[in-house]
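**Student:** Questions regarding the structure given below will be posed in turn.
The values are calculated or read from the model by the stated rules, or taken from the named source; none is laboratory data. Small disclaimer: the values here were computed from a predicted structure and weren't measured. Don't worry about glycine lacking a Cβ; one is built from the backbone with ideal geometry, like all the others, and counts go over all protein chains shown. For accessibility, only protein heavy atoms count, side chains too; no ligands or nucleic acids. Shrake-Rupley method; radii C 1.70, N 1.55, O 1.52, S 1.80 Å.
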Amino acid sequence: MTAYDIIKKPVVTEASMAATAEGKYTFVVATGATKNEIAKAVEKIFEVKVAKVNTINYDGKKKRLGAGRPGKRADWKKAIVTLTEDSKPIELFEEMV
């Protein structure tokens, strides 16, 4: 897997944007990615230093697909990446705040 396969997209919510002030950035990542792989991918893509990675697995919601047929949204994984104190901020998020 390449770094771009691991980091899928940023999470843009009010809470995640507030956390950028503390050096914490939130991403949707590949479900099979480990914390070490996520840290290396963020360091490679954004050229920053990662201090810590927290991950959360989400189960897809069950949905109805018309006429009572059962269905399910995809499972996904969220990573909260904390940068080191001396690291520069990620520019992608700075433009959104």
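**Student:** Using a Gaussian network model of the chain with C-alpha springs under 10 Å, which one of Lys61, Lys77, Lys24 is most mobile by mean-square fluctuation?
**Tutor:** Between Lys61, Lys77, Lys24, it is Lys61 that shows the largest mean-square fluctuation.
**Student:** Hey, what number do you get for the chain at 222 nm if only DSSP H runs of n ≥ 4 count, each worth -39500 (n - 2.57), divided across all residues, to the nearest 500?
**Tutor:** So the helix-based figure for the chain works out to -6500 deg cm²/dmol.
**Student:** Just tell me which aspartates and glutamates come within less than 18 Å, Cα to Cα, of Lys77; anything on the same chain fewer than 8 places away is out.
**Tutor:** The qualifying aspartates and glutamates are Asp5, Glu37, Asp59.
**Student:** Farthest toward the dipole's positive end in the chain, which of Trp76, Leu65, Tyr25, given Cβ charges of +1 (Lys, Arg) and -1 (Asp, Glu) about the Cα centre?
**Tutor:** Towards the positive end, the residue furthest out is Leu65.
**Student:** Defining a contact as two alpha carbons under 8 Å apart and six or more residues distant in sequence, what relative contact order in percent does the chain show?
**Tutor:** Numbers: 159 pairs, mean separation 29.8, N = 97.
Relative contact order of the chain: 31 percent.
**Student:** Restricting everything to alpha-carbon atoms, can you work out Rg to Rh for the stretch 1-52 with a Kirkwood hydrodynamic radius?
**Tutor:** Values: Rg = 10.9 Å, Rh = 11.5 Å.
Radius of gyration relative to Kirkwood radius: 0.96.
**Student:** By what distance, in whole Å, do the Cα atoms of the stretch 24-97 stretch along each of the three principal axes, largest value first?
**Tutor:** For the stretch 24-97, the Cα spread along each principal axis is 55, 27, 16 Å.
**Student:** Please report how many Lys pairs in the stretch 1-74 have alpha carbons closer than 20 angstrom, counting only residues at least 8 apart along the chain or sitting on separate chains.
**Tutor:** Value for the stretch 1-74: 28.
**Student:** Order of 14-20, 64-70, 43-49 by packing, highest average Cβ count within 10 Å first?
**Tutor:** Values: 14-20: 13.4, 64-70: 7.3, 43-49: 15.9.
Top to bottom by mean Cβ count within 10 Å: 43-49, 14-20, 64-70.
**Student:** Just read off the accessible area of Thr2 with the full protein assembly in place, 1.4 Å probe, to the nearest 10 Å².
**Tutor:** 80
**Student:** Continuing with the same structure: Determine ³J(HN,Hα), in whole Hz, for all residues of the stretch 4-12 in sequence, where each value follows from phi through the Karplus function 6.51 cos²θ - 1.76 cosθ + 1.60 and θ = phi - 60°; x replaces Gly and Pro.
**Tutor:** 6, 6, 7, 8, 8, 6, x, 9, 10
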